[in-house]
């Protein structure tokens, strides 16, 4: 038989052989106990004819004696020991339960150095979910690629994992909620970018959640707000294009094969909106005959380049805007 722990051997050294007509036995031990973290459990062990024998409660994972008879051995005040000597029943209470308190507990009656009577009771500590650091925090994927988001959580009972969009939009595939540790997106599109919520729940506490950022990279898409714009000579006109790109694109303007930079006839301005959108405006000032023609708005990032074309043509009458202010003062002058 296996050697007994040192604490128990010390108790056996003090044991006086009991010459009773009946031998001790364990008639009852508590069944499985389940409680939440911070709660309490009570383990009972009834051992008739055990008077004069050491009766101990032991946690089996370390074989550390917690109590003997009606006395607590460990200094931890979360453990309370009581007993009913008439039965006799030995009671072990554990308060302010911690996750480490879960496991098997033995009620032990020591008959001599080689003989003992054992009964076991299991304590299950219900713990709220905790999402593990092995879970996905953020990903970057090129448009058209595949991506897998992972979410793992510990707790008891085993947490259930659900995925949803943080902005309440439907998930790729059309569902509002996906259940399981992994969420796979096949053929990623730019509409799939954004924040996804991993929610872990097991009925204990308020659950746990983590936001996972999905960044989708794609080559620029360029659109001209007005592919054709007209203006009279001597007036100003704005040519505008909208660029959507991730990572952000560098936008440039060209006309007749030449790049355009800020001068007395041209001025480029840009405004950054949401969702990787840039609005670029080329203002052509005091239009002359040689300004009439084709203009290109070109956007470039690491994934490629695209452009939109805008034709500026000559009109007899001025167009307002952007020339409203000039027209107003011209009218005053006449």
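The values are calculated or read from the model by the stated rules, or taken from the named source; none is laboratory data. Being a predicted model, the structure only gives us computed values, none of them experimental. All Cβ positions, glycine included, derive from the backbone under ideal geometry; neighbour counts span all protein chains shown.
Just a few scattered comments:
- Residue-level analysis places residue 30 outside the set of residues that are within 40 Å of the chain's Cα centre (by Cα), assigned by TED's automatic domain parsing to the domain that holds residue 116 and over 29 Å from residue 128 (Cβ atoms).
- Filter result (surrounded by 14 or more Cβ atoms within 10 Å (Cβ to Cβ) and either over 42 Å from the mean Cα position of the chain (by Cα) or on the phi > 0 side of the Ramachandran plot (or both)) within segment 33-63: 45, 46, 47, 48, 49, 50, 53, 54, 55, 56, 63
- Count - residues of segment 272-305 that are assigned to a loop (DSSP other than H, G, I, E, B), closer than 18 Å to residue 218 by Cβ and touching a strand residue (DSSP E or B) at 6+ places or on another chain (Cβ under 6 Å): 2
- Residue check for residue 312: assigned to a strand (DSSP E or B), modelled with pLDDT of 95 or more and exposed (fewer than 15 other Cβ atoms within 10 Å of the Cβ): no
- Considering segment 76-87, the residues that are in contact with a strand residue (DSSP E or B) (Cβ under 7 Å, 6 or more places away or on another chain) and not in a strand (DSSP E or B) include one that is surrounded by the fewest Cβ atoms within 10 Å (Cβ to Cβ), namely 78.
- Members of segment 249-271 found to be in contact with a strand residue (DSSP E or B) (Cβ under 7 Å, 6 or more places away or on another chain) and either outside any strand (DSSP E or B) or under 15 Å from residue 311 (Cβ atoms) (or both), listed by number: 249, 253, 254, 255, 256, 260, 262, 265
- Qualifying residue in segment 198-208 (condition: surrounded by fewer than 18 Cβ atoms within 10 Å (Cβ to Cβ), modelled with pLDDT of 95 or more and part of a strand (DSSP E or B)): no
- Top-ranked residue in segment 255-268 [being more than 14 Å from residue 298 (Cα to Cα) and under 49 Å from the mean Cα position of the chain (by Cα); ranked as surrounded by the fewest Cβ atoms within 10 Å (Cβ to Cβ)]: 262
- Restricting segment 186-197 to residues that are part of a loop (DSSP other than H, G, I, E, B) and either outside the structural domain of residue 144 (by TED's automatic domain parsing) or touching a strand residue (DSSP E or B) at 6+ places or on another chain (Cβ under 8 Å) (or both) leaves a set whose member that is surrounded by the fewest Cβ atoms within 10 Å (Cβ to Cβ) is 189.
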